[in-house]
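No lab work stands behind these numbers, since they all come straight from the coordinates. Everything numeric here is computed off the predicted structure, so don't read it as measured data. So basically every Cβ, Gly included, is an ideal-geometry build from the backbone, and we count neighbours across all protein chains shown.
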């Protein structure tokens with residue numbers, strides 16, 4: 001399966017970057033455990049090494065960002081501070097500069113009520129690039145860091161066998177929320193959706209200026225692989241796009 005996708009990926013997406021994957025496990029030894037302070041405080045920055053072929057596992061002590069801990073399910077609170085809703089919105093004059101991602105603290109509190117809670121099902125979360133996966137691995141979500149032309153292909157392929165209009169969604173969240181939290185929760189849905197993300201301005205400095213992410217549960221991704229050879233990817237319309245993919 002892993003080799004089949006690599007062959008098809010190169011056939012239709014040229015030398016575009018391979019995806020990374022993640023899964024939760026209680027077993028040690030699947031990848032190097034990130035020690036506190038070893039990697040970037042933001043998990044998106046830490047994943048840069050995974051994109052280049054390094055395999056990492058994280059536990060609750062590995063992630064320095066409190067929001068990151070919450071989005072991957074390692075904390076029951078999104079932040080230890082009582083003024084979190086002000087931090088994400090307008091701030092507190094003379095005391096706290098707000099990020100201004102929401103217009104008011106009230107909006108922050110309301111939207112957080114709507115975000116489904118993710119509780120990590122195991123001690124570790126393991127990230128590996130697709131070509132580094134082994135038989136002992138059990139990837140649950142596939143994540144692409146990708147340019148618009150590649151994203152258009154993934155988006156269209158994810159909608160290829162669906163009658164619904166929203167086979168792919170873009171919920172507002174942090175960068176790590178868009179690649180871990182939301183796609184992981186989709187995996188148990190009757191019809192798992194893909195997630196387009198990395199719109200978070202705080203995470204943008206850790207990715208290329210023309211990159212977004214596409215994340216999707218593994219079980220849904222397997223159907224996408226099976227559909228590749230009968231989809232638009234074999235049509236001339238895609239060949240016109242493919243020639244621009246480096």
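Per DSSP H run of at least 4 residues, take -39500 (n - 2.57); add these up for the chain, divide by its residues and hand me the 222 nm value, nearest 500 deg cm²/dmol. Write down the numbers at each step before the final one.
On the way: 9 runs with 74 residues, N = 246.
Result for the chain: -8000 deg cm²/dmol, rounded to the nearest 500.
Per the Kirkwood formula applied to alpha carbons, segment 19-71 shows a radius of gyration over Rh ratio, Rg over Rh, of 0.92.
With contacts taken as Cα pairs under 8 Å and at least 6 residues apart, segment 140-192 reaches a relative contact order of 40 percent. Pairs of Cα atoms nearer than 8 Å and 6+ residues apart set the relative contact order; for the chain it is 24 percent. Restricting the calculation to alpha carbons of the chain gives Rg and Dmax of 18.5, 60 angstrom.
Sort 144, 160, 13, 5 by Cβ crowding within 10 Å, fewest neighbours at the top.
Values: 144 26, 160 16, 13 22, 5 19.
By the 10 Å Cβ count, ascending: 160, 5, 13, 144.
In this simple spin-label model, placing a label point 7 Å from the Cα along the Cα-to-Cβ direction at both residue 172 and residue 96 gives a separation of 1.8 nm. Here the mean projected area of the convex hull built on the C-alpha positions of segment 59-191 is 10.8 nm².
Expressed per residue, the C-alpha convex hull volume of segment 192-246 stands at 116 Å³. Across segment 77-117, the relative contact order, built from alpha-carbon pairs under 8 Å that are at least six residues apart, equals 31 percent. Remark on segment 120-246: ratio of C-alpha radius of gyration to 2.2 N^0.38 Å is 1.07. Shown here are the Rg and Dmax of the Cα trace of segment 77-117, at 10.0, 33 Å.
Between residue 113 and residue 27, the distance separating the two model label sites (each 7 Å from Cα on the Cα→Cβ line) works out to 4.3 nm.
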